[in-house]
Amino acid sequence: MMYELKLDIYQISGLAAIMFWVGNYLQKKIPFLLKYCIPAPLIGGLLFAILNTITSSTGVMQITFDGTLQTFFMTVFFTTIGFTASFPILKKGGKQILIILVLTLIMIVGQNIIGCGIAGAFGLDARLGLTAGSVALVGGPGTAAAFGALMDGMGITGSSTLGLAAATFGLVMGSVMGGPIAHKRIVQFNLRSNETVEETEDIKEEESFASTASKFVQSAMLLALAMGVGSVASILLSKTGMTFPSYIGAMLMGAIIRNILDAIGKSFPESENDALANISLSLFLTMALMSLKIWQLVDLAVPIMVILAAQVAFMFIFSYWVVFNIAGKDYESAVATAGYIGFNMGAMYNAMANMQVITKQYGPARTAYFVVPIVGIFSDFFNAVIITSFLNFLA
């Protein structure tokens, strides 16, 4: 009889921290992981899942753990995302944000139609195709883990494993595709930046910020309020008969609180919220990857490869001929296209990495650097709604 090691919430939090540090170390030491922006939680968590699969399959030992903290940190992370949904900021970006946002909504729907259609053609539950659609690609690893757990609970076996595998693929392809496509358009139309490096110093990503204990307390209290009231909102939403992820109420409440603060002229602790988002995502994603059941991928290998190949083709066609042309057919549009591919195939850090590669070679792109992150934030809201609609329609 195989020995089963059960870890409680304290032990799994410590182990998750260790695997995060392992992933962070490997990311810095292995060029491939750094080049394609593979996050440390994914590296460490996947490494643990592989080791656990090996020890389980050989009959040595199986490690299981309480998933309470994984759910908690998932809710914390998506609540912090809700706080970033400031509609005055969306309004400030004007026409360009609206254009890229509409194109993103089309991408979300398109990815899900492709995923569900191909999954159904293979005789699988069509809803399983969502995990290789916008759940994993536009949503990234975080959304893949969240909706994967929800769909596993609905009896759609393998959703978590398939979603995170697809998200990993998307992270790589989001970086592989973005730069070359933008480069091709820039060379083809001889596009160049009209700005100097000095003019865009303020858009560079900051690695540090000045804060105070009171600001962190304020951020934490707003977070607790949104999660508490949001849990009630989630209960009310569940009574509609539709299926929603457990975090949706807290995320919506975060958006409501943020916009109330904006409306009454109260400042919001942006940097502190971002720090809490980084902490919660790192722990949540590491735990989600650690709990993967890799053996579930074996029977789904062929369908997932076909779906992901179709997703790559769709992204290439849509970004190359549609996004670039509709966004303006200029240098800013080319850079924005690189970012668009990054966050619609992987995550926002893919988008920023793609744009950085292009701007380092051809010059700054102030509009693209402002528009793409804003659209990426709002896409999480619309993605959750669209995925939920697909799940309920196909139920």
So what's the net charge close to G148: Lys and Arg +1, Asp and Glu -1, counting the other residues with Cβ under 12 Å from its Cβ? +1
So what's the gap between the Cα centers of the range 318-334 and the range 18-91, to the nearest angstrom? 33 Å
Name the residue from G59, L69, A263 whose Cα lies farthest towards the positive end of the charge dipole of the chain, charges +1 on Cβ of Lys and Arg and -1 on Cβ of Asp and Glu. A263
Per 0.36 nm of contour for each residue apart, how much would the distance between K28 and K293 grow if the chain were fully extended, relative to their Cα-Cα spacing? 92.7 nm
Given a 1.4 Å probe, how much area per residue of the chain is accessible, in Å²? 45 Å²
Of L297, G178, V138, farthest towards positive along the dipole that unit charges on Lys, Arg, Asp, Glu beta carbons give the chain: G178
So how far, in whole Å, is the C-alpha centre of the range 111-157 from the one of the range 263-291? 25 Å
Any helix of the chain counts here only if DSSP assigns it H throughout, its Cα atoms span 18 Å or more along the axis, and its mean Kyte-Doolittle hydropathy is at least 0.0, and such helices are 9-29, 40-57, 68-83, 87-121, 140-153, 159-189, 213-238, 248-263, 270-290, 301-317, 331-345, 366-394
Take I113 and N278, extend 7 Å from each Cα along the Cα→Cβ direction, and tell me the distance between the two endpoints in nm. 3.9 nm
With charges set only on the Cβ (+1 for Lys and Arg, -1 for Asp and Glu), what does the dipole of the chain come to about its Cα centre, in debye to the nearest 20? 500 debye
If each residue of separation counts as 0.36 nm, what is the full-extension length gain between D262 and N392 once their alpha-carbon separation is subtracted? 43.4 nm
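Taking a ≥ b ≥ c as the square roots of the Cα gyration tensor eigenvalues, with a/c under 1.5 meaning rounded and otherwise prolate when a/b beats b/c, else oblate, which class fits the chain?
rounded
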So, with a 1.4 angstrom probe, what is the percent of accessible area on the range 1-107 that is carbon and sulfur? 71 percent
Hey, can you rank 129-135, 238-244 by average C-beta count inside 10 Å, highest first? 129-135, 238-244
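In percent, what relative contact order does the chain have, based on Cα pairs under 8 Å that are 6 or more apart in sequence?
Relative contact order for the chain comes out at 29 percent.
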What is the gain in length, in nm to one decimal, between S214 and I326 on full extension, counting 0.36 nm per residue of separation less the C-alpha to C-alpha distance? 35.8 nm
Given H placed 1.01 Å from N in the peptide plane, which residues other than close sequence neighbours of I63 have an amide H under 5 Å from its amide H? L5
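The values are calculated or read from the model by the stated rules, or taken from the named source; none is laboratory data. For clarity, every value in this text was computed on a predicted model and none was experimentally measured. Backbone-built Cβ (ideal geometry, glycine too); neighbour counts: all protein chains shown. With ligands, DNA and RNA removed, areas are computed over all heavy atoms of the protein, side chains included. Shrake-Rupley method; radii C 1.70, N 1.55, O 1.52, S 1.80 Å.
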